[in-house]
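For reference, the structure discussed in these notes is given below.
The values are calculated or read from the model by the stated rules, or taken from the named source; none is laboratory data. These numbers were taken from a predicted model, which means no experiment stands behind them. Reconstructed Cβ throughout: ideal geometry from the backbone, glycine too, with neighbour counts over all protein chains shown. Quick note on the areas: whole protein, heavy atoms, side chains included, nothing else; ligands and nucleic acids left out. Shrake-Rupley method; radii C 1.70, N 1.55, O 1.52, S 1.80 Å.
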Amino acid sequence: MSEAVAPVTRPSADPLQRRAIALVSGGLDSMLAVKVMQEQGIHVEGVNFFTGFCVEGHTHAIRKKDKDKNKRNNALWVAEELGIKLHIIDISEEYKDVVLNPKHGYGAHLNPCLDCKIFMVNQATLMLNKARELAGEKGFDFIITGEVVGQRPKSQRKETMPIISSESGADDRLLRPLSALNLPETLPEREGWVDRSRLHDFSGRNRKPQIELARRFGLEDYAQPSGGCCFLTDESYSRKLADLWQARNERRYELDDIMLLKVGRHIRPQPHLKLIISREEGENRFLEGYRYQFTSLTTVSCPGPLALVDGRFESEAELEQAAAIVARYSKGRGDESVTVEVKDPGGVAREVRVAPARPDDIPKNWLVA
Amino acid sequence: MSDETLHELDVRRQLCPIPVIKTQNKVAELAQGEVLRVTCTDPGALNDIPAWCRINGHEVLATEEGDLEVVVTLRVGAPSVAL
Ligand code: SF4
């Protein structure tokens, strides 16, 4: 091929240019995988999946103390840095089955990483097939991920890589540019669309090669990998989710449930009753939005938090117990008594006067965290 | 933008990235040149929706940041590849 034409001026409609769909999480690895492909002249577009458990902006947007943090969606930011299009797909409904019934089980917490990866690559495969159907050769040729062999104990072992390829249906159209040299040759390599010798052999948990490659590409600002891609790898979050299932006697959730597990202090004074108590103004405002779905408690004789009641009061005593707990977290915690407003989802409100709970009235095991 | 049809999208109380997803899905239904006004309460949308527009070739006409709400107005660009 003549070198006379500068690659930058070649439009992506170039019939010879091969096209890849990249799974973009917002972390460094997927970013590097895209870079490695772009370096070889591949046109890349990204997909990012919203599962409902993503660590993204949510909590930043909610909690006021995070106000100063740059509130950005990492996947979008990465796509812009890389100059690629990004399709964000809401899979939160279909994803429930992955979380509730993972064929390959869970990781350290309630993270079904292997099933999750299979599911996401499968979604990308369906997109690839659809685009090929609609656009033929102008569709997409293969899929890439930033997976690295041995990086995660469960989902990124050497043996699991082929499982993801085959069970997702992507087969040899799935390429992992960062670990390709540790894995069998894939279609894009065999066809010569990409040069295998310029792919990488990263493996294990050592992040040095990634950081070195990032430096080579001139990438300086990227999301630190420590947080993981989702709340399901978080111990405290997983415990709250397990508690929710136990209290309801069934393993099921709605999007609102899993959003609410990300905010507030969760206290369960009765097996059938949980209080979600805001810890600051941002959470307060967020919980406000749920007052038409839940019974809520708030102190009126002094400033205090807003609390949602997940469950139903079975007696006046239970209601007073909840009010006393809420009063405990109000400015009136030292007062003899505090007035608490109890409002049902329909907006009907009444007030109760209670003595704020003392610290030892709230045993540690009521705290779900 | 006086005589253009103005489409509205209300994503108040929805958290990142749902406002972006809903904007993306709404834009997919609109024709090039049409104008969409998105009202959000998640302040993150102030960064995310314009970023999404830049990436995908739509023009941000205005962003307004109120006390409780954020409004982003955009003009739909050329249709993107069917993914
Ligand atoms: S950490 Fe979460 S999003 Fe990432 S693979 Fe595991 S389950 Fe999926």
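Every residue in segment A:234-282 that is of a type in the set (Asp, Glu) and either part of a loop (DSSP other than H, G, I, E, B) or free of Cβ contacts under 8 Å to residues at least 24 places away in the same chain (or both), please. Those that are of a type in the set (Asp, Glu) and either part of a loop (DSSP other than H, G, I, E, B) or free of Cβ contacts under 8 Å to residues at least 24 places away in the same chain (or both): A:Asp234, A:Glu250, A:Glu254, A:Asp257, A:Glu280. In a residue-by-residue description of segment A:150-167, the property of being away from chain B (no Cβ under 14 Å) and part of a strand (DSSP E or B) applies to no position. Taking the listed residues A:Glu220, A:Glu167, the one that is away from the ligand (no atom under 16 Å from the Cβ), open to solvent by 50 Å² or more (accessible area, probe 1.4 Å) and not basic (Lys, Arg) is A:Glu220, with no other qualifying. Of all residues in segment A:334-354, exactly one satisfies the criterion of being in a strand (DSSP E or B) and among the polar types (S, T, N, Q), namely A:Thr339.
For segment A:319-330, the count of residues that are more than 36 Å from the chain's Cα centre (by Cα), open to solvent by less than 60 Å² (accessible area, probe 1.4 Å) and either basic (Lys, Arg) or closer than 16 Å to A:Thr298 by Cβ (or both) is zero.
The listed residues are A:Thr145, A:Thr186, and the only one of them that is within 11 Å of the ligand (Cβ to nearest atom), among the polar types (S, T, N, Q) and in the same structural domain as A:Asn206 (by TED's automatic domain parsing) turns out to be A:Thr145. Can you pull out the residues in segment A:137-190 that are over 23 Å from the mean Cα position of the chain (by Cα), closer than 23 Å to A:Ala75 by Cβ and among the hydroxyl-bearing types (Ser, Thr, Tyr)? Within segment A:137-190, A:Ser179 is the sole residue that qualifies. With respect to A:Ala135, determine if the residue is part of a helix (DSSP H, G or I), surrounded by fewer than 20 Cβ atoms within 10 Å (Cβ to Cβ) and either away from the ligand (no atom under 14 Å from the Cβ) or within 14 Å of chain B (Cβ to nearest Cβ) (or both). Answer is yes for this residue.
Within 14 Å of the ligand (Cβ to nearest atom), free of Cβ contacts under 8 Å to residues at least 60 places away in the same chain, open to solvent by 10 Å² or more (accessible area, probe 1.4 Å) and under 23 Å from A:Asp90 (Cβ atoms): is that true of A:Lys130 in this structure? No.
Being touching a residue at least 24 places away in the same chain (Cβ under 8 Å) and out of contact with any strand residue (DSSP E or B) (no Cβ under 7 Å at 6 or more places or on another chain): is that true of A:Lys138 here? So A:Lys138 passes the test. Residue check: A:Thr298 meets all listed conditions (1) part of a loop (DSSP other than H, G, I, E, B); (2) modelled with pLDDT of 95 or more but one, namely (1).
Residues in segment A:260-272: is at least one within 16 Å of the ligand (Cβ to nearest atom), away from chain B (no Cβ under 14 Å) and open to solvent by less than 10 Å² (accessible area, probe 1.4 Å)? No: zero hits. When the residues of segment A:138-149 are narrowed to those that are within 14 Å of chain B (Cβ to nearest Cβ) and in a loop (DSSP other than H, G, I, E, B), which ends up surrounded by the fewest Cβ atoms within 10 Å (Cβ to Cβ)? Per the criteria, the residue is A:Gly139. So in segment A:331-369, with the set limited to residues that are surrounded by 14 or more Cβ atoms within 10 Å (Cβ to Cβ) and touching a residue at least 60 places away in the same chain (Cβ under 8 Å), which one is farthest from the chain's Cα centre (by Cα)? The qualifying residue farthest from the chain's Cα centre (by Cα) is A:Ile362. Look at segment A:156-178: where a residue is without any contact (Cβ under 8 Å) to a residue 24 or more places away in the chain and a partner is among the basic types (Lys, Arg) and assigned to a helix (DSSP H, G or I), sitting 6+ places away or on another chain with Cβ atoms under 8 Å, you get A:Asp172/A:Arg190. Which number in (1) within 16 Å of the ligand (Cβ to nearest atom); (2) at pLDDT below 95 marks the one condition that A:Val47 misses? Condition not satisfied by A:Val47: (2). The residue of segment A:78-119 that is nearest to the other protein chains (Cβ to nearest Cβ), among those that are assigned to a helix (DSSP H, G or I) and in contact with a strand residue (DSSP E or B) (Cβ under 7 Å, 6 or more places away or on another chain), is A:Ala79.
Taken together, A:Pro209, A:Pro188 contain a single residue that is touching a residue at least 60 places away in the same chain (Cβ under 8 Å) and surrounded by 13 or more Cβ atoms within 10 Å (Cβ to Cβ), which is A:Pro188.
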